[in-house]
1. Is it the case that A64 is part of a helix (DSSP H, G or I) and surrounded by 20 or more Cβ atoms within 10 Å (Cβ to Cβ)?
2. Would you tally the residues in the range 87-124 being aromatic (F, W, Y) and in a helix (DSSP H, G or I)?
3. Could you please find all residues in the range 165-222 being crowded, with 17+ Cβ neighbours inside 10 Å and not in a helix (DSSP H, G or I)?
4. Could you list, in sequence order, the residues of the range 85-125 that are among the charged types (D, E, K, R) and closer than 30 Å to S220 by Cα?
Amino acid sequence: MAIDVNSQLRVPGAPRRPAVAPQIDFRPVVNGVDYLVSVVDHLDVGASNVTPRDIKYAVLHLQAASEILLKTRLVREHWSLAFKDPRNATRKKYEAGDFESCTTDDTIKRLRNVAGVLISEKDEKAIGDLTRDRNALQHYGLTYNAKAVEARAGRVLDFLIRFLNEQVLPFLNVNDRHDVEEGMERVRSGLIGIESFSSERMKRLRPELNGYESQTLLCSECLQVTLVVGGGAGRCRFCDQSWTAHELMALAGGQEGAPRVQDVCPQCCTETLASDVHVASHPATAVFFCFTCATSFSVLFPCDRCGRMLEPGESAGGGEPLCGTCWESEDSGTTADNFPDLFECCLCCRMFTPAESDDGAEEVCGACMQREDARLQLPT
């Protein structure tokens, strides 16, 4: 008797085998959205407390989603742009997936320069930070502040949803759009939970930040305006990261990548004065800011002789911008060499008498000692 292998006859108790083997069907956009669903499942604080393991997988999957979705839009412009070197691109290699693709940084540059897609520097920086977090996790481990990583991931997730809505979803065919819609609903609802976490935390921090707006800056780690500077250091109230004044000077990217010029502060005489800094009290206007005494200056100009920064009205030289020390030296020829009873302050360089010093052990004038005492009383 012939046996029909396609018949429904089977041995009693044997497991039923599917008529057709399941297929792996993860087209690029479907794949990218599936990664985003995983991200919100790990980060949605409305569902459970976020653990370090949740953040780890959220970072890994969010970076994968970023790479897939950005390159999906790039390929829509032209498939050869996905290659590391488009000059070596062939259709055969592209369809087989047998090629080295461009980096995420190059993808963003090509989207801007070739496809005309607008991606802000703020969004680009958030994606770059996420890529570095992913690389650290994969290759040598990441020991870092969980709140900062979670906040950065939330910003990239917010960008990708906007990117999907504007640059990807409107151009999908009906079938693909139907396949991703359920996932997108889950992603949108999850983002509400993640954003509510940031909103609730900022709400709790508001009383703690009140009164310190003039010394509160953008934190370069969590990208929240919650970095309070004072007492020669700074601490972010959102992600709880801390830095010394000189470390803050080195974080040039913290103020949207603005250049900084290190100089001596006219208030506390320490070399931690920076230009082009934005404080919470005047977010739209760049100021000079000292990372030691947390004083901001809207206008400063250099002394013509020594280059020390002066405030308006501080010049002692009339029409010529001179600091008091340079003016006195110019007017009377006073120097430490020809007046042995005078000392030169090691902080502000002003000449002073021994009786004027508040500290016999150090060559520091009384004005600088008063500023130092005031600096130590600033909030930490």
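What follows draws every value from the coordinates through simple rules; no lab data is involved. Only a predicted model underlies this, so the values are computations on that prediction, with no experimental measurement involved. In this analysis, Cβ positions are derived from the backbone assuming ideal geometry, glycine residues included, and neighbour counts consider all displayed protein chains.
1. No.
2. Narrowing the range 87-124 to residues aromatic (F, W, Y): 94, 99.
Within this subset, residues satisfying the condition of being in a helix (DSSP H, G or I) are 94.
Selection size over the range 87-124: 1.
3. Hits for the range 165-222 are L172, Y212, T216, L217, L218, C219, S220, E221, C222.
4. D105, D106, K109, R110, R112, E121, K122, D123, E124, K125
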